[in-house]
Structure formats: C-alpha cells, structure tokens
Amino acid sequence: MITASPAARLSPPGADWRELWRSAVTDPRELLETVGLGHLADRLPPDDAGFALRVPRGFVDRMRVGDPQDPLLLQVLPQLAELDQVTGFGTDAVGDMAARTAQGVLHKYQGRALLIASGSCAVNCRYCFRRHFPYGEEMAAAGQWRKALEHVRQDASISELILSGGDPLALATAKLEELSQGLAAIPHVTRLRIHTRLPVVLPERIDEAFQNWLTRLPLQKVVVLHANHANEFDAKVDAACTRLRETGTTVLNQAVLLRGINDDAETLEALSERLFAAGVLPYYLHQLDRVQGAAHFEVSDERALELLDALRRRLPGYLVPKLVREVGGDASKRPL
Ligand SMILES: *Cc1c(COP(=O)(O)O)cnc(C)c1O
Ligand code: SF4
C-alpha cells in the first residue's frame, strides 16, 4: 500500500549542511528498507552498477513509502538495466572532452564559459553523464582556479561565467568567495551563473553565509536549479528558493525528460506549476544525454515533441520549458 511519507522521517532538524551531506544514504539496501521496499533488494545490480548510490536523507523523506515506481526513488536507485550495453550510448555523450580549453574550463558557446568547479554531488542521479566523466583531471576546484580564471581573463568575449560540475555548491562558501574575488577583477565578466541541484536535494546548503556571499557579489546572478518532478519540492526547498531570490538572483530550472519518471503531460505540467509556486521559472527540458547505463530512461523525440505540444496547450508560455538536446560541436543547445 502507498502512504504519504511522514514528515522528517530521516533528516534531523536544523543540522548543518555539511553534516547532512556526510550523513547521506549510500547503501541501496538501507534506502529500500527506509521506503518500505526491503523485499526488492535481490533486484539490485552488483557493485551499484559501477556508480555509487548517494542520496541525502531529506530527499528520501519526500519519497512515497511502498511505491517501487516513486519518481524520486527511480532517479537514484541502481537498476539492473544500467548494465545493458546499448549501441549509441557512450562515455562522452556530449563531446565535452573536445571542448576543453583549459583545465576545468569548457568553452563551447559564444560569450559563456563553463567552469567545472567541483566533481562532487550530494546526490548521484542514475541518468547523469557524470558517471563517466574523468573528474580527477578536470576539477578546476583542485587548485586550478588560477589557470581557469586566466583563460577567462584573456578572452574578452566571455561575459558570463557558469559554475557547474558536479555541483559547484559542494564547495565551501569561503572557496566560492575566493573564486568570486578573482572574477570581480575581470571587467568583461558581468554575469555569474550557477548550475546546482543542491537547493532541491539539500536545501540547507542555502544558509546565511551563502546568502550573504551571493547578496554582496557585484555581478548579475542566475541560479539554474535541477528538479525533474513536482514531488522534489517541499517547504524546505521553497524556503531555499526564497532565500536565493532574496539575494537578487534570477532562479530558473532545468529538467531532464526521463522515461517512467516525468514523461507524461500531467507530470510536466505539475512540475512547471510547482516551480512557479516556488518562484522559479522553467528554462530547459533536456533530452537525455546518451550515456552508457542510462538507455532505459530515454524518451523518443516523437514522444518528447508530443509532450511539449501538450504543455503549450495547457500552460502559459512562460511555464513551457525549451525542449533541447546537447549535440557535440553545435554552437548552442539544439532545439527539438
Ligand atoms: C549548456 C552549456 C552552456 C549554457 O548554455 P545556455 O544555452 O546558455 O544555457 C554553456 N556552456 C556549456 C559547455 C554548456 O554545456
Ligand atoms: S551533476 Fe547534476 S545530474 Fe549529475 S549527479 Fe550531480 S546533481 Fe545529479
């Protein structure tokens, strides 16, 4: 039977975000037990299919108990299907290795440079390209910031720096401060964008110190969240979004279209509505990057376009995300 999950089943109230990060669930059996699905443990792939389970307890609290199809559970639980070798699904699905210009900097699109600020994430999403990315070599955070910033300084066409990863908010706020001091000294950079899933999966990360840093930052600021389903939101996530907006930051969301998780019109409509209720606008709906181990999440382009059409009929234009795919070598994300 499916029951609503009792509030705060797992996460201690008021804990520091680093503490909550460390206490994430990493054992798939514990996760299954917690959501009342211990009997499914024999369906787990050996060795987590080569990509460790990791999910903060506050995110687990938002899963429905007793539902093996829960859309949050399916995003994080290792599945046997990940072991399937499927043609066309590789380990550098979006050509990132070719676009590398300096240690930790990806400069693919005009005016925008993307800095791999951290290789860590609070959550491991099963569909993510990160399961194959060689972060050891690519992490600008590992003492490489000087070189990365030097690349940005030398190219006056770059007006926007995007912090990505991994999750850039894995870095301590003091580290972010260090980086932004270097950035503020580069006159042609006018915008800082942060791509992060932390306000959704570990909303405690948006604490007072972080808020103060972002408020004082002398740049235009954009935060692009990553949520795929309305159930990822609760009062704590709402509060984190409010704290972000209080700093003068524009808050957007990108989602990935995922089979069995959000590939129907009602679910996508509910996501857009829920985002707006939290003060967030939908930005992109991504077609899955074709990474090895994620083929079972793929939705066909025909179906994706049908869904987009349904959204256009149901929602005001500003709540309809742009449906895109990332194609190696393109000058922008490719609209479908
Ligand atoms: C997605 C991406 C961007 C940002 O693209 P927008 O269309 O501006 O959101 C920038 N650089 C790289 C390498 C990217 O993959
Ligand atoms: S980079 Fe984003 S999608 Fe990938 S595992 Fe981290 S949080 Fe999930």
Can you tell me which residue in the range 292-329 is surrounded by the most Cβ atoms within 10 Å (Cβ to Cβ), limited to those that are without any contact (Cβ under 8 Å) to a residue 24 or more places away in the chain and in a loop (DSSP other than H, G, I, E, B)?
-> Ser300
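Would you say Val224 is farther than 17 Å from Leu106 by Cα and outside any helix (DSSP H, G or I)? If you could, list the steps in order and put the result at the bottom.
Numbers: farther than 17 Å from Leu106 by Cα: yes; outside any helix (DSSP H, G or I): yes.
When the stated conditions are applied, Val224 passes them.
Give the residue that is surrounded by the most Cβ atoms within 10 Å (Cβ to Cβ), with candidates limited to residues of the range 242-291 that are in a loop (DSSP other than H, G, I, E, B) and acidic (Asp, Glu).
Just the residues of the range 242-291 that are in a loop (DSSP other than H, G, I, E, B), to begin with: 247-249, 257-264, 278-280, 287-290.
In the following step, the residues that additionally are acidic (Asp, Glu) were identified as 263-264, 289.
Details: Asp263: 18, Asp264: 13, Asp289: 20.
In this case the residue turns out to be Asp289.
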Residues satisfying the stated conditions in the range 206-221, i.e. open to solvent by 50 Å² or more (accessible area, probe 1.4 Å) and assigned to a helix (DSSP H, G or I) = Glu208, Ala209, Asn212, Thr215, Arg216
Find all pairs meeting these conditions: Cβ atoms under 9 angstrom apart; at least six residues apart or on different chains; first residue within the range 38-53 and surrounded by 13 or more Cβ atoms within 10 Å (Cβ to Cβ); second residue assigned to a helix (DSSP H, G or I) and among the β-branched types (Val, Ile, Thr).
-> Leu53/Val76
Gly111 versus (1) more than 23 Å from His229 (Cα to Cα); (2) in contact with a helix residue (DSSP H, G or I) (Cβ under 8 Å, 6 or more places away or on another chain); (3) open to solvent by less than 30 Å² (accessible area, probe 1.4 Å); (4) modelled with pLDDT of 95 or more: which is the lone unmet condition?
-> (2)
In the range 176-195, residues that are outside any helix (DSSP H, G or I) and of a type in the set (S, T, N, Q) total 1
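The values are calculated or read from the model by the stated rules, or taken from the named source; none is laboratory data. Every value quoted in this text rests on a predicted model; they were computed, and no experiment measured them. Virtual Cβ from ideal backbone geometry, glycine too; neighbours counted across all protein chains shown. All accessible areas refer to the heavy atoms of the entire protein, side chains included, with ligands and DNA or RNA removed. Shrake-Rupley method; radii C 1.70, N 1.55, O 1.52, S 1.80 Å.
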